[in-house]
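Take a look at the structure below.
The values are calculated or read from the model by the stated rules, or taken from the named source; none is laboratory data. Given the structure is predicted, the values throughout are model-derived calculations rather than measurements. Cβ sites come from the backbone with ideal geometry, for glycine too, and all protein chains shown count toward neighbours. For accessibility, only protein heavy atoms count, side chains too; no ligands or nucleic acids. Shrake-Rupley method; radii C 1.70, N 1.55, O 1.52, S 1.80 Å.
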Amino acid sequence: MSEMSPYRALLTVDASGFGEQPDALLPFLHHEIHAALTSACERSSLKEPWESVSLLQRPGDELVALLPVETLPLLVHPFLDNLQDELARTDQRVHDEDRGPRLRLRAALHVGSVEDDGSGTTGIARAVNDVHRLLNCDPLRDALCDSDPDVTFLAAIISSEAFSRYVEGGRTSLDDSRFTKVRAKAKKFDQPAWVYVPRPSRLPEQAVPATPQEGAAGD
């Protein structure tokens with residue numbers, strides 16, 4: 001029987017509406033995503049692990065990063081908050097330069113066994129499939145879509161395994177009341193998970209046209 005693959009922290013991100021952008025913009029957006037992730041890691045005491053990270057690319061711009069499992073507490077906090085800040089700065093710069101659409105991300109965090117031996121089979125693991133399902137579940141998509149695009153640039157989801165071990169276990173500096181429990185469903189995947197939005201907001205209310213009062217003059 002083969003030994004169990006190393007236990008790792010998994011981070012995956014995807015840009016909202018990435019596939020709807022013209023081909024000419026995709027390299028620019030890809031670069032901006034990597035730049036925001038790198039800056040957020042550097043600000044979160046994750047510079048060294050990030051420099052040696054194993055990255056897996058999926059269709060579109062979904063990116064899966066395999067990191068040492070001991071980085072998970074920092075990936076929960078302060079990394080997610082720092083990533084929100086980096087995306088806000090990127091949005092302001094891109095808007096000022098009129099270079100492209102706003103960059104809003106969904107992110108998922110998970111822990112699990114994943115082999116990374118350079119053999120070409122890296123990423124063929126249940127943990128990688130599960131973090132992909134988390135990233136694409138409706139509650140996470142709704143958390144981003146239902147927020148103000150001028151305020152909220154990141155919505156994240158954390159697997160129940162990672163949440164119970166690191167958040168409820170007191171290994172992060174975030175109180176568990178900052179998270180919302182959801183049911184993550186995708187294909188045959190159906191598990192509880194926890195949504196965290198570093199800077200929550202709601203969609204601006206649409207102006208409601210004034211309606212004439214009954215009996216108004218001229219009726």
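How many of the residues in region 143-183 are in contact (Cβ under 8 Å) with a residue 40 or more places away in the chain and open to solvent by less than 60 Å² (accessible area, probe 1.4 Å)?
So the answer is 20.
The conditions are (1) modelled with pLDDT under 95; (2) outside any loop (DSSP other than H, G, I, E, B); (3) in contact with a helix residue (DSSP H, G or I) (Cβ under 6 Å, 6 or more places away or on another chain), and LYS185 fails exactly one of them. Which is it?
(3)
Do we find that ARG133 is of a type in the set (Lys, Arg) and surrounded by 20 or more Cβ atoms within 10 Å (Cβ to Cβ) in this structure?
Criteria met by ARG133.
State yes or no: is LEU140 surrounded by fewer than 22 Cβ atoms within 10 Å (Cβ to Cβ), free of Cβ contacts under 8 Å to residues at least 60 places away in the same chain and of a type in the set (A, V, I, L, M, F, W, C)?
no
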